[in-house]
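The structure under discussion appears below in the form of structure tokens.
The values are calculated or read from the model by the stated rules, or taken from the named source; none is laboratory data. Owing to the predicted nature of the structure, the values given are computational and were not obtained by experimental measurement. Please note: Cβ atoms are built from the backbone with ideal geometry, for glycine as well, and neighbour counts cover all protein chains shown.
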Amino acid sequence: MPITDPISRTARLTAAARARESRRPDRLFDDPLAEALAGPEGFAFMERFEAAARPASVPAGNDNPYIAIRSRFFDEFLTGAVAREGAPRQIVLLAAGLDTRAFRLEWPAGTKLYELDRPELLEAKQEILDRARATPRCPRATVPVDLTKTWAPALHAAGFDAAAPSAWLVEGLTPYLDEPSVRRLLDEAASLASPGSRLGIDLIGESFLRSPYVRAAIEAMAREGSPWQYGTDDPEGLLAAAGWKATVLRAGDPGANYGRWPFIVFPRGTPGAPESFLATATRA
């Protein structure tokens, strides 16, 4: 089944990046399903995007490790969030895309994982998983929704218990939304998250959208029909407004590097420097 929505198609690119990382001898994770999920379309998308976005000073063949670093960072966040006694056993992936964490990570007994995304994307994903005879390592529920509209009732109907602790992930989504949609998404998640629940989210800075250093990347995504719209240089404030107390790292900082970030990490707020953020937060 083809994926026609332009933003949903970016999940193919992400899967292709995970597949490429999985081939490396020094890989940060192993995703055996990523190649099938990416398909030729995903690898072609990745190659077009990286060729257009690559700085002139970076030779061809030097992979941008951002998606690999982000994937490993949130792998550690989610497995850590459910590891301790009394920790959340409900995991909610908002804009799950072609994510395979239900299949490739180890989960404690009692864990249930909810994947929310557009119906078309979830159907296409399931077809590929069925062909691969993939078996999840924890109970998994797919919840077809439009995340720019109200989605809490559908999550409740799938068995989610708002009174119990939960862990949430919003990965690779927010740049494609406008600011009101991002704020509604965070508010709705907070309304369902009991105190002490956890959230992981990546964001780009408003500075990223203005930076001349990534202008080619921004233009490349716009040509694909999936333009980046939203960024914030105050992720802590954005999350606090929705009731989440956040710790924020940038790609390349200690703890979000894994020895693989090849670019200069400027002091936060350096004029002209494009910033992207990996945040983890707790529900107050």
Restricting segment 214-262 to residues that are closer than 23 Å to Ile7 by Cα and among the polar types (S, T, N, Q), which is surrounded by the most Cβ atoms within 10 Å (Cβ to Cβ)? Thr232
Could you identify the single residue in Ala154, Ala189, Ala95, Ala132 that is at positive phi and either among the basic types (Lys, Arg) or at pLDDT 95 or above (or both)? Ala95
Kindly check whether there is at least one residue in segment 162-175 that is crowded, with 19+ Cβ neighbours inside 10 Å, out of contact with any Leu (no Cβ under 9 Å at 6 or more places or on another chain), among the hydrophobic types (A, V, I, L, M, F, W, C) and within 30 Å of Glu47 (Cβ to Cβ). no
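Table: residues versus (1) under 28 Å from Leu28 (Cα atoms); (2) touching an Asp or Glu at 6+ places or on another chain (Cβ under 7 Å); (3) at pLDDT 95 or above; (4) not basic (Lys, Arg).
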site	(1), (2), (3), (4)
Trp228	yes, no, yes, yes
Gly231	yes, yes, yes, yes
Pro235	yes, no, yes, yes
Ala242	no, yes, yes, yes
Tyr258	yes, no, yes, yes
Phe266	yes, no, no, yes
Thr270	no, no, no, yes
Leu278	yes, yes, yes, yes
Selection from segment 79-133 of residues that are touching a helix residue (DSSP H, G or I) at 6+ places or on another chain (Cβ under 7 Å), over 30 Å from Thr4 (Cα atoms) and of a type in the set (A, V, I, L, M): Ala87
Quick one: Glu85 ticks every box in (1) surrounded by fewer than 14 Cβ atoms within 10 Å (Cβ to Cβ); (2) touching a residue at least 40 places away in the same chain (Cβ under 8 Å) except a single one, so which number is it? (2)
Look at Arg70 and say whether it is closer than 30 Å to Pro165 by Cα and modelled with pLDDT under 95. no
Within segment 124-154, take every residue that is in a helix (DSSP H, G or I) and touching a residue at least 40 places away in the same chain (Cβ under 8 Å) and give me the one that is surrounded by the fewest Cβ atoms within 10 Å (Cβ to Cβ). Arg131
Hits in segment 113-123 (condition: in a helix (DSSP H, G or I) and either buried (at least 21 other Cβ atoms within 10 Å of the Cβ) or basic (Lys, Arg) (or both)): Leu121
